[in-house]
Amino acid sequence: MRFTAIHGAFALCTLAIATLPTLAQAEFAGGRVGVSHSLLTSDTDYAKSSIDGQVQWNFGSRFLMQTDLGYSGLHALDENALSMTNHLGMTFNDGSAAGIFYGWDRIEGSEDFWGAEYARSLGAAQMDAYIAVVDEPGSNGTMAGIAARMPVADAVGMGVSVDHISSNGVADATRFGIGADYMLGSATMLKGEIGRVSADDSATSIDETYLKLGVDFKFGPNGGTTFGARSLLNALPGL
């Protein structure tokens, strides 16, 4: 395992040890499963179909553990991608939570990443942000993002999100999106998003508008999870 990856794993292990006294109080807190399809408006061959899920367990009143799993079909590359991330976090009385995470994306090879994150609820509005190091053979990249959502009417919400990666092994990319969602009952959310993605690697450069449609199913006592899903592919809505 590479040097930076060891540091990320060590940080997760340190927080895990801190939670050991409360393991007996572990309770399932919530989860979500989502499916989505995104594409570039100028060339629909550049499209990504994804399914992903998250589950969260709380340990006592402060600590949490969350796991993300994702699978994507990258149509332009004719490849499949797998993603997995584990989070450890702590919640606070003001409706916020802070944590660390370690994960990887696997397409042809594997890209590891680790970082810190912060989430907060302000009334009915929600915010989620992260920053991370991407661990590559011979070099390190970075990724960061922020997302916010607030309700604007009964069962209707709107949000904005930005993700950026700078990774020689994947791409340099920035994605900005504006989204809207509609709740069907208490657990099912229909989602739509339009935005712009700029990306380049050694072979391809794009600066295009994208569209994304999806549906989320939330479950459990909390009706979802504390932190958003982490993946290098978040900045690349169509591949």
Relative to the compact-globule estimate 2.2 N^0.38 Å (N residues), the Cα gyration radius of the range 100-146 stands at a ratio of 1.41
Ratio for the chain, C-alpha Rg to 2.2 N^0.38 Å, reads 1.00
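Accessible area per residue of the chain at 1.4 Å probe, in Å²?
The answer is 50 Å² per residue.
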Excluding residues fewer than 8 positions from Lys48 in its own chain, the lysines with Cα under 18 Å of it are Lys191, Lys212
In whole percent, the fraction of accessible protein surface over the chain that belongs to carbon or sulfur atoms, probe radius 1.4 Å, stands at 63
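What FRET efficiency comes out for Thr67 versus Asp45 if R0 is 45 angstrom and r is the Cβ-Cβ distance? Round to the nearest 0.05. Numbers along the way, then the final one.
Working: r = 33 Å, r/R0 = 0.72.
The calculated FRET efficiency here is 0.90.
Which values, in whole Å and largest first, are the semi-axes of the equivalent ellipsoid of the range 41-163 obtained as the square root of 5 times each eigenvalue of the Cα gyration tensor? Present the calculation step by step, with values, prior to reporting the outcome.
Details: eigenvalues 151, 90, 37 Å².
With the √(5λ) rule applied to the range 41-163, the semi-axes are 27, 21, 14 Å.
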Descending packing, highest mean Cβ count within 10 Å first, for 36-45, 152-161 is 36-45, 152-161
Length-normalised contact order of the chain, Cα under 8 Å, at least 6 apart, in percent, tallies to 20
Under 5 Å from the placed amide H of Gly224, counting only residues 5+ away or on other chains, we find Gly31, Phe219
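The values are calculated or read from the model by the stated rules, or taken from the named source; none is laboratory data. Just so we're clear, the structure is a prediction, and the values are computed from it rather than from any experiment. Here Cβ is always computed from backbone atoms with ideal geometry, including for glycine, and neighbour counts include all displayed protein chains. Areas reflect the complete protein model, heavy atoms only, side chains present, ligands, DNA and RNA absent. Shrake-Rupley method; radii C 1.70, N 1.55, O 1.52, S 1.80 Å.
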